[in-house]
Amino acid sequence: MSTGGIDANGQVDRDGPPESEPMRRSLSRLRTVRHILWGVILLAGVGLGGFELWHRTRPDPNPTAQEMASSIVANFTLSTHTGATASDATYRGRWLLVFFGFTHCPDVCPTGLATIAQVMDELGPEGEAVQPLFISIDPERDTPEAMAEFVSAFHPRIVGLTGATEAVAAAAKNFRVYYERVEDASSPNGYTMEHTTSIYLIDPEGRFVKPYSYSATSEDIADSLRRKLKGKGQI
Amino acid sequence: MKYSSIFSMVVTIFILTGPSLAQEQARLGDLVIERPWARASIGTSRPAAAYLTIRNEGEESDTLLAVRTPLSGKAEVHAMTNDSGVMRMGPAGPVEIPAGGEVSLAPGGLHIMMMKLQAPLVKGKSIEVTLKFERAGEITITAPIYGPGATRPE
């Protein structure tokens with residue numbers, strides 16, 4: 001028999017001596033193993049595909065700007081930190097910088113509000129057409145008084161908004177903001193909040209424009225706002 | 001004239017930076033604690049945060065096991081994780097300081113969270129923070145308190 005050819009039984013001759021009976025048996029066992037392995041790979045593939053499909057259909061807490069623009073409605077009716085009722089219509093004609101958070105937040109919310117305060121300082125007089133809003137997703141603790149104490153520590157131009165649980169939930173839903181109460185024994189009142197940390201830009205007609213990432217610097221946001229203000233003029 | 005002006009410049013730089021550098025650094029064995037600072041708290045019911053950088057100049061890693069401050073009933077290192085734009089916070093557990101490396105506690109990331117405040121953290125004052133390391137032991141540093149809107153050591 002020649003080496004490397006195909007023998008009369010159609011079997012590949014792997015340069016070895018003619019196959020003995022035990023070798024034939026072990027070859028067929030190998031074939032079974034091979035079939036099982038292919039099966040495993042196939043199953044893994046189906047599993048991965050299924051996971052990917054599930055993952056895609058799951059609501060994405062941070063969709064792309066385009067997806068957001070089509071679904072975000074900047075509607076809310078809440079109470080300001082001075083106790084007045086305010087809705088999105090109250091602020092028509094101004095650009096809105098909207099940030100969601102809570103006042104018992106030790107790191108993220110002060111940092112976000114500090115960034116917004118720096119944006120307002122950098123804009124100076126140009127910033128008159130910009131209204132920063134801080135909306136509480138923790139109405140249980142965030143009374144208008146608590147909001148007043150908190151926002152005034154950052155910038156006189158920031159307006160804090162809070163309200164009844166349902167009003168806050170409706171605002172968050174309209175902005176597609178995710179928030180969740182997390183039990184934590186070490187936190188005040190035994191809980192803390194997890195929430196979306198993007199800063200939303202709303203135009204003077206009340207339409208959502210874009211989100212700024214939490215990690216955007218005040219210079220980035222101020223530059224972006226200046227371009228928008230110039231494009232549309234001072235309204 | 002020229003040399004003397006350069007000399008006076010160098011002296012001025014030393015005078016300006018010397019004392020502040022001395023305050024901003026503390027050494028414990030191989031560890032250097034740099035630029036500690038805290039944010040003023042808004043009232044006492046809300047938790048406060050402090051930040052610093054730990055540099056390990058040694059050849060073995062060390063671990064930050066615990067933190068405490070006299071102003072707070074409970075202090076812990078907390079970590080922020082950004083899960084697709086949603087910030088989640090939780091105890092960081094022991095924090096490893098790798099040999100030859102550094103770990104920064106900074107806004108939006110790791111921070112010393114001070115809970116159950118017994119007194120507010122007032123801007124312009126300072127707070128003592130004790131850090132307990134597995135190998136190096138304990139050190140107490142003094143962190144200046146900046147405004148509630150501070151985002152970095154001034």
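Quick notes on this one:
- Cα gyration tensor, the stretch B:26-146 - rounded (a/c under 1.5), prolate or oblate: oblate
- In terms of its C-alpha gyration tensor, the stretch A:62-169 comes out rounded, because the ratio a/c of the largest to the smallest axis stays below 1.5.
- For the stretch A:136-235, the set of GluC sites (Glu not before Pro) satisfying both a DSSP loop assignment and a count of at most 16 other C-beta atoms within 10 Å is given as A:GLU140, A:GLU205.
- The antiparallel fraction among DSSP beta bridges confined to the stretch A:94-235 stands at about 55%.
- Interchain or long-range residues, amide H under 5 Å from B:ARG135's placed H: B:THR63
- Gyration tensor (alpha-carbon) shape descriptor, the stretch A:170-235, a/c threshold 1.5: prolate
- Accessible area per residue, Å², the stretch A:146-235 with all protein chains present, probe 1.4 Å: 45
- Couplings 3J(HN,Hα) for the stretch B:84-93, derived from phi with the Karplus relation 6.51 cos²θ - 1.76 cosθ + 1.60 (θ = phi - 60°), are 6, x, 9, 8, 10, 10, x, x, 7, x Hz, where x marks Gly and Pro.
- Buried accessible area, chains A and B (both chains, 1.4 Å probe, Å² to nearest 100): 2300
- All other residues whose Cβ lies under 15 angstrom from that of A:SER187 are scored, Lys and Arg at +1 and Asp and Glu at -1, for a net of -3.
- Averaging the Cα positions of each part gives two centres, and for the stretch A:142-190 and the stretch B:97-116 these lie 26 Å apart.
- Shielding of B:39-46 by partner chains, average beta-carbon count, 10 Å: 6
- For the residues of A:110-117, the average number of beta carbons from a partner chain within 10 Å of their own beta carbon is 6.
- Given R0 = 25 Å, the distance between the Cβ atoms of A:SER186 and B:VAL122 translates into a calculated FRET efficiency of 0.60.
- Computed over neighbours whose Cβ is under 15 Å from that of B:GLY137, the net charge equals -1, Lys and Arg +1, Asp and Glu -1.
- Pairs over the 24 Å Cα-Cα cut-off, from the set A:LYS173/A:LYS228; A:LYS173/A:LYS210; A:LYS173/B:LYS74; A:LYS210/A:LYS230: A:LYS173/A:LYS228; A:LYS173/B:LYS74.
- Sum of side-chain charges, A:ALA146 neighbourhood, beta-carbon under 15 Å (Lys, Arg +1; Asp, Glu -1): -3
The values are calculated or read from the model by the stated rules, or taken from the named source; none is laboratory data. Remember, predicted model here, so these are calculated numbers, not experimental data. FYI the Cβ positions are ideal-geometry reconstructions off the backbone, even for glycines, and counts take in every protein chain you see. Areas reflect the complete protein model, heavy atoms only, side chains present, ligands, DNA and RNA absent. Shrake-Rupley method; radii C 1.70, N 1.55, O 1.52, S 1.80 Å.
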